[in-house]
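Novice: Pasting in a structure now, in C-alpha cells, and then I'll have a few things to ask.
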C-alpha cells in the first residue's frame, strides 16, 4: 500500500474487465523447513514449464481464512503436491491476521508465505523476497502496490469493490421495488425492512473488523480521492464531522440510532450473520464483493443475492473504491524459497481461490465469476482505484496506534461523536510530531 497510482491504461482495462463480468459463482479478509539448494531451485521454479522435481520441501502459508482449514485447503495441498510431487504445503490460520503477522515478522520467525501486513513498503525488503522472477509482473493488476525500489514484494490475492450485498427476497418481502440510489431512499428502504421485522443491516459491530468500510472505502468514495488516507500526513486534524471521514461514519451512526442495525450490536457473530443474511432475517451487508459467495453458501442461492453501490448522498451518483486484497509475500529467509515462490504463483494461476473468494481476479486475462458485479456496474459507479499507502502516513498510523474500526465503534456509540474525533486527532497530532523528529 505504498507506491504510485496505477496507470490510466491499467485502470481502463480493469474497469472494462469489471463491466464484462459474468458467469457462474464458484465461491473474510482484515489472515517451514527442509533444506534446499535455493539457487538451483529458484531457477527451475521461475522458468515456466521447468523441472518441477526441483521444487521440494515443505512450506507453510499463514492465512486469515480459518473457514477453509480442513476443507478447501486440504484440496489445495493435494493439488499443489500433484504438480510438485517433492513439495508439500501446510496451512496455518489466524483470526487477527494483521496484528499476528506483524508480531511474527518482527520476531524474525514467521512462515514461508504470509499475507503481508500493514507495514511501510520501505520495510518490505527487510522481511520479504522479491517476486519479480516468477513470471507474473506483466500479467497482474496492482503490481506496484506492495513494491519498493522497482521490485515486487507482494502479489494481491484478488481485487474487490465495496457496496451493499443484499437478500433480494427480503427486499421484496419488505415491499422495496427499486434499489435505492440516494441516501434518503436508502434510509427509507431500511425503514421498510425494519417495519417488516427484518434487520436492515448486519454490521457485526462487536467483531470490529467488519466496520472497515466506514473509515476507509466509504470516506474515499465520498471524497472522490484515492489519496485521502495518505493526505492525512499533511495535517494535525484529519478527522472532522463535515469531511469525508465524519460523513461516512455518520451514516452508520444514523443506522444505529434509527434501529437499523442488529438489536444488540455488542453480541453479534460473523459466521451466524452470513446465515441470517442468507435466510432473510437480516437484509444487507456493507462489505466487499468477496462476501457474496460466502452468503450464497450459507443457505441460499446465488441469484437471491444482489449487490449495489452505497448511495452516500442524494446526488444519485456514486464513487466506489476498487482495491487489492491481502498480498502474498514470501519470507526472504525461507529454507525452501523456490518452493514458497512456486506456491504463490500456483495460488494466483491454478488454485481458483479468487473465484472461490468472490474476487475480481488479479490476473488481467481472467474474467471474474461473480455475476452480481454486473448488477453493481449497471448503476454506473465511478471507480476510485486504490493507491499504495504513503510511508509517512503509515508511520503516523502505527505510532498513534490507531485502529480505524475502533474509531468507528466509538463514534457510533458516543453521545458526543465530535469528542471522539477530537481524541483521534490529538493522537494523530502527537504521532505526527514524533515521527517528524
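Novice: Work out, step by step, the length gained on full extension between residue 281 and residue 103: first 0.36 nm times the residue separation, then minus their alpha carbon distance; give nm to one decimal.
Specialist: Additional length available on full extension: 60.2 nm.
Novice: Quick check: from the Cα gyration tensor, does segment 390-437 come out rounded (a/c under 1.5), prolate or oblate?
Specialist: prolate
Novice: Before rounding to the nearest 500, sum -39500 (n - 2.57) across all DSSP H runs of length at least 4 in the chain and divide by the residue total; then give [θ] at 222 nm in deg cm²/dmol.
Specialist: Dividing the helical sum by the residues of the chain leaves -11000 deg cm²/dmol.
Novice: Computed FRET efficiency, Cβ-Cβ of residue 434 and residue 172, R0 45 Å: what is it to the nearest 0.05?
Specialist: 0.25
Novice: Also, quick follow-up: Return P(r) of the chain (all Cα-Cα pairs; 10 Å bins starting at 0; whole %; ordered from short to long distances).
Specialist: So the P(r) values, bin by bin, are 4, 21, 31, 26, 13, 4, 0.
Novice: Can you tell me how segment 217-256 classifies by the Cα gyration tensor, rounded, prolate or oblate, using a/c under 1.5 as the rounded cut?
Specialist: Note, shape of segment 217-256 comes out oblate.
Novice: Could I get the Rg over Rh figure for segment 187-236? Both from C-alpha atoms, Rh via Kirkwood, rounded to two places.
Specialist: So for segment 187-236, dividing Rg by the Kirkwood Rh gives 1.16.
Novice: Given N residues in segment 61-103, what is its alpha carbon radius of gyration divided by 2.2 N^0.38 Å?
Specialist: Cα-based Rg divided by the globular estimate yields 1.29.
Novice: Using only the Cα atoms of segment 120-199, what are the Rg and Dmax in Å?
Specialist: In Å, with Rg to one decimal and Dmax whole: 22.1, 58.
Novice: With a ≥ b ≥ c the root eigenvalues of the C-alpha gyration tensor of segment 350-437, is it rounded (a/c under 1.5), prolate (a/b larger than b/c) or oblate?
Specialist: The shape class here is prolate.
Novice: What are the principal axis extents of the Cα atoms in segment 259-334, in Å, biggest first?
Specialist: Sorted from largest, the Cα extents of segment 259-334 read 51, 34, 30 Å.
Novice: Over the Cα atoms of segment 252-294, what radius of gyration and what Dmax do you get, in Å?
Specialist: Cα-based Rg and Dmax for segment 252-294 come out at 10.9, 30 Å.
Novice: Right, here's the next one. Taking Cα centroids, how far is segment 62-140 from segment 231-283 in Å?
Specialist: Here the answer is 30 Å between Cα centres.
Novice: Turning to a different aspect of this structure: Let me see the pair-distance distribution of segment 73-217: every alpha carbon pair, 5 Å bin width, integer percents in order.
Specialist: P(r) over segment 73-217, rounded to whole percents: 2, 7, 12, 13, 14, 13, 10, 9, 9, 8, 4, 1, 0.
Novice: Next question. Restricting the count to DSSP beta bridges whose residues both fall in the chain, what percent are antiparallel, rounded to a multiple of 5?
Specialist: Counting DSSP beta bridges with both partners in the chain, the antiparallel share is about 60 percent.
Novice: From largest to smallest, what semi-axes in whole angstrom does segment 300-417 give when each is the square root of 5 times an eigenvalue of its alpha carbon gyration tensor?
Specialist: Listed largest to smallest, the semi-axes of segment 300-417 are 31, 27, 14 Å.
Here, each number is a calculation from the coordinates, and none is a lab measurement. Computed from a predicted structure; not experimentally measured. Cβ atoms come from the backbone with ideal geometry, glycine included; neighbour counts cover every protein chain shown.
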